[in-house]
1. In segment 1-30, how many residues are surrounded by fewer than 16 Cβ atoms within 10 Å (Cβ to Cβ) and either hydroxyl-bearing (S, T, Y) or closer than 15 Å to Y115 by Cα (or both)?
2. Looking only at strands (runs of 3 or more DSSP E) that lie completely in segment 13-126, which have at least 1 residues being acidic (D, E)?
3. Of (1) touching a residue at least 60 places away in the same chain (Cβ under 8 Å); (2) surrounded by fewer than 18 Cβ atoms within 10 Å (Cβ to Cβ); (3) farther than 21 Å from V5 by Cβ, E110 satisfies all except one. Which?
4. Restrict the check to segment 53-66 and report whether at least one residue is at pLDDT 95 or above, crowded, with 21+ Cβ neighbours inside 10 Å and under 19 Å from V5 (Cα atoms).
5. Within the group Y111, Y115, Y60, Y95, which residue is in contact with a Leu (Cβ under 7 Å, 6 or more places away or on another chain) and of a type in the set (F, W, Y)?
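The values are calculated or read from the model by the stated rules, or taken from the named source; none is laboratory data. These figures come from a predicted structure and were not determined experimentally. With ideal geometry, Cβ positions are generated from the backbone for all residues, glycine too; neighbour counts draw on all protein chains shown.
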Amino acid sequence: QVQLVESGGGLVQAGGSLRLSCAASGRTFSRNPMGWFRQAPGKEREFVAAIAWSADRTYYADSVKGRFTISRDSAKNAVYLQMNSLKPEDTAVYYCAANGRSSWYNLRTEYEYDYWGQGTQVTVSS
């Protein structure tokens, strides 16, 4: 069974940094896009960042561009999210997602992903 497990969330002050990790098991995603989404209290899940199998092809939401960096380690079947200059509005549950198909069109939509982790809480205090 495919499983994605997030880790690295926690409490941090505004302006601080956190690094999220996502470890996949059950199948290999070395040639499949992976991404991060988040959901704040009272809001719907939104796109944060995505990365194709080629490390130089990355995508970011406008709200995090320049502050967050997505990366992956194909040998470890893992994806990471480095979050810098955190703001209180970044507070949310962060979810790791993986595309399990042979092609994709728009990695900014949640419908492009087939597998999801259970999420890790990130809280940014002011």
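1. 11
2. Working: elements: 18-25, 34-39, 46-51, 58-60, 68-73, 78-83, 92-98, 120-125.
The qualifying strands (runs of 3 or more DSSP E) are 46-51, 68-73.
3. Only one criterion is unmet by E110, namely (3).
4. Checking segment 53-66: not a single residue is at pLDDT 95 or above, crowded, with 21+ Cβ neighbours inside 10 Å and under 19 Å from V5 (Cα atoms).
5. Matching residue, one of Y111, Y115, Y60, Y95: Y115.
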